[in-house]
Amino acid sequence: GHEFEKAGVAAVNWVQGAAQTIYKWGDETFNGKKVPSPKAGSSPSMIPYFVTRYVVTITGIKVIKIPTTNLGLTTIKPDGDELEIFGSVTIIPKGRMWTNRNSNKFGFNKRQGDHLVIRNGSTKSVNISKYFYCNDNNRSSTGMYIYTHLYDDDGQNIFTAAFVQNEEMRRNVYISLAGIAPGQTKTGYITAYNRAGDHGVAVYYRVKALPKISYAQMLSAINSKNSRSLESLIRQGGNPFSANLMQTAIRNNDIACINVLGKYGVIISSQNMSTAIKYAPGMLGTLINLGGIPGRNELLAAVQSGNGNLINFILSKGVQPDAAIIYDAIKRKDKNTVKILVQRGILLGTKELTEAIKQNDVELINIVMNSGAVPSQAMLIQAIQTKQFTIAGALANRITPEHAALQEAANVNNSSLFKFLTSKGAVLTNNIPINKAIDNNNAEILQTGLSSGGNATEA
């Protein structure tokens, strides 16, 4: 929870009812036994973004001269040159409202010397404040009563029942929060007279709804990559869930701001993950740790980044690769990534093997063939024709070469390859390779061919 107190608890000792109760309250106020000097209390360590903060200030108290009529002439009732005001102004909430921890009412305590001496017709500046908090959803049904319980110390029979009955200046006003939106202020005053009707006061108040932390402030902190400022704004009531904040932090490749938003509950969306793929693939691990759910697209982005640790991390989250993702790694000749992916048991085929051959990498070709890809006679022949002899040897290890492969080996005059193909089961079905060996004056191919189906009488 947040460090608030129910305002109704803070507004203790609200006086209503019998004279004895009023007497007790007045006595405590006068003597300073239970009513300390007014305090705003300790502010909460964090204000939720859906809460509006209100500051209620008693700005001043004015002593009102009481007009009367004598023989048709308006005069002012005399009551001395000044009043010594003590007592309290109490805020009573209606609806759902909270106040700062350890705050108290506005008390003007004579023993502690914070009572008010005010000349007739003059206003005494007070400017003491209390903070209140209201959930925005409850603002329309929430408000407050401001109650005055003020007395003039005339030195005569203080706190007899008659004194309290006759001298208390007691009045209240209700203020609805519905009409006070963030950034707006409502001012006014309460007039209260004693029962004798010879003096009164006007208590001036101001209720201000403090402005909310704006989206522009939050965005500015993110764009400046200031994670400390961002967190401070959130704790002051900024909304971390505002549109595009996480998106912007990801585009900025700003891990610190991303972590701050995640700390305050921002859930990583599929859109966030897509943004990371496009602008900052290295962020994917951070986003997944904050609750982002990886899928095929995230795995593909990790593969394209070549980050083996990230690939393994995403695979550990249950994402399965497919042949197309492995093909992407083959196309980039990323053998380490291909090795990681094929461990998941994906069967590869002609497309993947063809691409591996294009990369002219025997190790990569063998990885692909070990994962189910079977070379064709055409692949073997093409490798011989393009003089990729090491690759041709790797392919021939996986299939039984046919006569056409021997023909191409003779055409390129490669004795060792010709011999290797025959060792893998290749046999001649005609004498063309023999004749080619004679033309090339290659005795080794001639001898090997004759022992592998060639006809000496036709040579």
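The values are calculated or read from the model by the stated rules, or taken from the named source; none is laboratory data. Everything numeric in this text was worked out from a predicted model, so none of it was measured. Glycine gets a Cβ as well: all are built from the backbone with ideal geometry, and neighbour counts include every protein chain shown.
Sort out which residues of the stretch 91-137 are among the polar types (S, T, N, Q), modelled with pLDDT of 80 or more and surrounded by 22 or more Cβ atoms within 10 Å (Cβ to Cβ), and write them in order of number.
Let us first name the residues in the stretch 91-137 that are among the polar types (S, T, N, Q), namely 99-100, 102-104, 109, 112, 120, 122-123, 125, 127, 129, 135, 137.
From what's left, modelled with pLDDT of 80 or more: 99, 122-123, 125, 127, 129, 135, 137.
Result: Thr99, single match.
Can you find a residue in the stretch 249-260 that is hydrophobic (A, V, I, L, M, F, W, C), within 30 Å of Ala373 (Cα to Cα), buried (at least 20 other Cβ atoms within 10 Å of the Cβ) and modelled with pLDDT of 90 or more? Even if it seems obvious, please write down each step before you answer.
At the first step, the residues of the stretch 249-260 found to be hydrophobic (A, V, I, L, M, F, W, C) are 249-250, 255-258, 260.
Going one step further and asking which of them are within 30 Å of Ala373 (Cα to Cα), we end up with none.
No, the stretch 249-260 contains no residue that is hydrophobic (A, V, I, L, M, F, W, C), within 30 Å of Ala373 (Cα to Cα), buried (at least 20 other Cβ atoms within 10 Å of the Cβ) and modelled with pLDDT of 90 or more.
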Would you mind telling me which numbered condition in (1) surrounded by fewer than 16 Cβ atoms within 10 Å (Cβ to Cβ); (2) farther than 19 Å from Glu408 by Cα Ala378 fails?
(2)
Inside the stretch 261-275, can you point out the residues that are part of a helix (DSSP H, G or I), in contact with a helix residue (DSSP H, G or I) (Cβ under 8 Å, 6 or more places away or on another chain) and either closer than 11 Å to Leu290 by Cβ or without any contact (Cβ under 8 Å) to a residue 12 or more places away in the chain (or both)?
Leu261, Lys263, Asn272, Met273
Please work out if Ser242 is without any contact (Cβ under 8 Å) to a residue 12 or more places away in the chain and under 25 Å from Arg53 (Cβ atoms).
no
Would you confirm whether or not the stretch 233-247 contains a residue that is surrounded by fewer than 16 Cβ atoms within 10 Å (Cβ to Cβ), modelled with pLDDT of 95 or more and over 16 Å from Ile267 (Cα atoms)?
no
Restricting attention to the stretch 175-210, which residues are in a strand (DSSP E or B), farther than 15 Å from Val55 by Cα and either without any contact (Cβ under 8 Å) to a residue 60 or more places away in the chain or of a type outside the set (S, T, N, Q) (or both)?
Tyr189, Ile190, Ala192, Tyr193, Gly200, Val201, Ala202, Val203
Filter the stretch 138-166 down to residues that are modelled with pLDDT of 75 or more and part of a helix (DSSP H, G or I), then give me how many there are.
4
Could you check, for the stretch 197-211, whether at least one of its residues is touching a Ser or Thr at 6+ places or on another chain (Cβ under 9 Å) and on the phi > 0 side of the Ramachandran plot?
yes
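Among the residues of the stretch 314-324, is there at least one that is modelled with pLDDT of 90 or more, closer than 30 Å to Ile47 by Cα, surrounded by 14 or more Cβ atoms within 10 Å (Cβ to Cβ) and touching a helix residue (DSSP H, G or I) at 6+ places or on another chain (Cβ under 6 Å)? Before you say what the answer is, go through the steps one by one.
Going through the stretch 314-324, the residues modelled with pLDDT of 90 or more turn out to be 314-324.
Retained after the next criterion (residues that are closer than 30 Å to Ile47 by Cα): none.
The answer is no; no qualifying residue exists.
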Residues of the stretch 395-448 satisfying the condition of being under 15 Å from Leu380 (Cβ atoms), of a type in the set (A, V, I, L, M, F, W, C) and assigned to a helix (DSSP H, G or I):
Leu395, Ala396, Ala404, Ala405, Leu406, Ala409, Ala410, Leu417, Phe418, Phe420, Leu421
Note on the stretch 174-185: residues buried (at least 16 other Cβ atoms within 10 Å of the Cβ) and touching a helix residue (DSSP H, G or I) at 6+ places or on another chain (Cβ under 7 Å) are Leu177
Do we have any residue at all in the stretch 233-249 that's among the polar types (S, T, N, Q), part of a helix (DSSP H, G or I), touching a helix residue (DSSP H, G or I) at 6+ places or on another chain (Cβ under 8 Å) and closer than 25 Å to Lys212 by Cβ?
yes
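For Ala396, are the conditions met, namely being touching a helix residue (DSSP H, G or I) at 6+ places or on another chain (Cβ under 7 Å), modelled with pLDDT of 95 or more and surrounded by 21 or more Cβ atoms within 10 Å (Cβ to Cβ)? Before you say what the answer is, go through the steps one by one.
Details: touching a helix residue (DSSP H, G or I) at 6+ places or on another chain (Cβ under 7 Å): yes; modelled with pLDDT of 95 or more: yes; surrounded by 21 or more Cβ atoms within 10 Å (Cβ to Cβ): yes.
The answer is yes for Ala396.
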With respect to the numbered conditions (1) among the aliphatic types (A, V, I, L, M); (2) surrounded by fewer than 17 Cβ atoms within 10 Å (Cβ to Cβ); (3) farther than 30 Å from Ala405 by Cα, which one is the sole condition not fulfilled by Ala301?
(2)
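Which of the residues belonging to the stretch 449-459 are surrounded by 14 or more Cβ atoms within 10 Å (Cβ to Cβ) and either part of a helix (DSSP H, G or I) or modelled with pLDDT of 95 or more (or both)? Walk me through it before giving the result.
Going residue by residue through the stretch 449-459, those that are surrounded by 14 or more Cβ atoms within 10 Å (Cβ to Cβ) are 449-450, 452-454.
Gly449, Leu450 - these are the residues of the stretch 449-459 that are surrounded by 14 or more Cβ atoms within 10 Å (Cβ to Cβ) and either part of a helix (DSSP H, G or I) or modelled with pLDDT of 95 or more (or both).
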Picked from the stretch 192-205 (must be surrounded by 17 or more Cβ atoms within 10 Å (Cβ to Cβ) and over 16 Å from Arg119 (Cα atoms)), the residue nearest to the chain's Cα centre (by Cα) is Tyr205
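Quick one: would you say Arg398 is more than 22 Å from Leu300 (Cα to Cα) and among the basic types (Lys, Arg)? Talk me through it step by step, then tell me what you get.
Numbers: more than 22 Å from Leu300 (Cα to Cα): yes; among the basic types (Lys, Arg): yes.
Judged against the criteria, Arg398 is a match.
Conditions tested, residue by residue: (1) basic (Lys, Arg); (2) touching a helix residue (DSSP H, G or I) at 6+ places or on another chain (Cβ under 7 Å); (3) surrounded by fewer than 21 Cβ atoms within 10 Å (Cβ to Cβ).
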position: Ile330; (1), (2), (3): no, yes, no
position: Lys333; (1), (2), (3): yes, yes, yes
position: Asn336; (1), (2), (3): no, yes, yes
position: Gln343; (1), (2), (3): no, no, yes
position: Glu352; (1), (2), (3): no, yes, no
